[in-house]
Amino acid sequence: MKFLKNLTTTLFILLLAACGGVPEKKESTSTEEMKFSVAQVLEVVSKENDITRTLYTKAIVGAGKKQGLKFDEDWQKEDVEAGPLPALFLRGIANDIRKSETPLGLYLGSDFPINKANKFEGKQAELFTKIKSDRKPQHFYDENQKVYTAMFADVAGAAACVSCHNKHEQTTKTDWKLGDVMGATTWQYPADSLSYATTMEILKAYRNGTKAVYEDYLKEIAAFKTSEKPEIGDKWPSAGGLYLPTPEVFLDSVTELASYETMTVLLK
Ligand code: HEC
């Protein structure tokens, strides 16, 4: 399995390389013609998102808390010395993508949200009830916003998801269980089919978003006045100390975990 993962990582990197600066030869035309459906591409980026979010929740928030790191919804306030909660990590990625040239929209919603602004409405609320019963992705064209939309279940994959939501003072539901569909990520894109190059741009915009938020977190740490600062390098908190990986180490791990699934969907 490890070998398979390394192999797919290599293939994935080759694929990325092939799609960046392709010289204007005949081959580049054929690359442009290779089209993916918007549903396929949103599925790939949503898998990347699941992997990034789970890695952050378990390996940084979960393991980091055990070493004394703090995470808070007010992490960006000046007097709070903490890192972003998983949902805010995702919001940070979404905001960074919004600032980029890639017209990809990303939201995290629920029927029982902590934050009222995250409550699904209209068509999305209707489709979310389906997602809760069969956990299958939902795809539709949003006539009002003129975007192709895909929704994917957001499952309580770590004990931390459940305990934090159940205990939160603004929670609207106190009996979440591990494995529950707690919400859904909604993804939007204005075109229905995409070239290889555009597909890679979207994946890159997502990765850049991850990098930006993670770097914001490290900047926050650099400005800590009273809390002990973790050592930033190639170690993770699971090594048993106040450690955090560098953005490169964090993203390498995402690449390794995601590339197999990404390849699988793109080669479908
Ligand atoms: C330490 C607390 C904490 C942890 C851990 C946590 N969340 Fe949240 N979550 C929050 C808060 C606070 C919000 C609201 C953030 C905002 O203002 O939008 C939120 C928002 C959400 C939302 C959007 C709807 C809502 O409730 O506002 C979903 C869905 C969600 N979280 C699912 C999860 C899942 C799944 C996990 C685990 C992978 C997780 N959360 C881990 C605190 C937490």
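Observations on the model:
- Taking the stretch 169-203 as the range and being within 10 Å of the ligand (Cβ to nearest atom), touching a Leu at 6+ places or on another chain (Cβ under 7 Å) and not β-branched (Val, Ile, Thr) as the test, only Gly183 passes.
- Screening the candidates Asn49, Asn115, Asn95 for the property of being in contact with a Ser or Thr (Cβ under 8 Å, 6 or more places away or on another chain) and either buried (at least 20 other Cβ atoms within 10 Å of the Cβ) or of a type outside the set (Asp, Glu) (or both) yields one hit, Asn49.
- Meeting the requirement of 1 or more residues that are over 21 Å from the mean Cα position of the chain (by Cα) and within 10 Å of the ligand (Cβ to nearest atom), no helices (runs of 4 or more DSSP H) wholly within the stretch 27-112 can be named.
- Of all the numbered requirements in (1) in contact (Cβ under 8 Å) with a residue 60 or more places away in the chain; (2) farther than 23 Å from Leu203 by Cβ; (3) near the ligand (Cβ under 10 Å from one of its atoms), Gln124 misses one, and that requirement is (3).
- Within the stretch 130-158, the set of residues being within 16 Å of the ligand (Cβ to nearest atom), β-branched (Val, Ile, Thr) and in a strand (DSSP E or B) comprises just one member, Val155.
- Failed criterion for His165 (all others in (1) part of a helix (DSSP H, G or I); (2) under 24 Å from Ile221 (Cβ atoms); (3) near the ligand (Cβ under 10 Å from one of its atoms) hold): (2)
Read-outs throughout are calculated quantities, based only on the coordinates presented, and are distinct from any laboratory measurement. Not measured: the values here are computed from a predicted model. Here the Cβ is made from the backbone with ideal geometry for all residues, glycine too, and neighbour counts use every protein chain on show.
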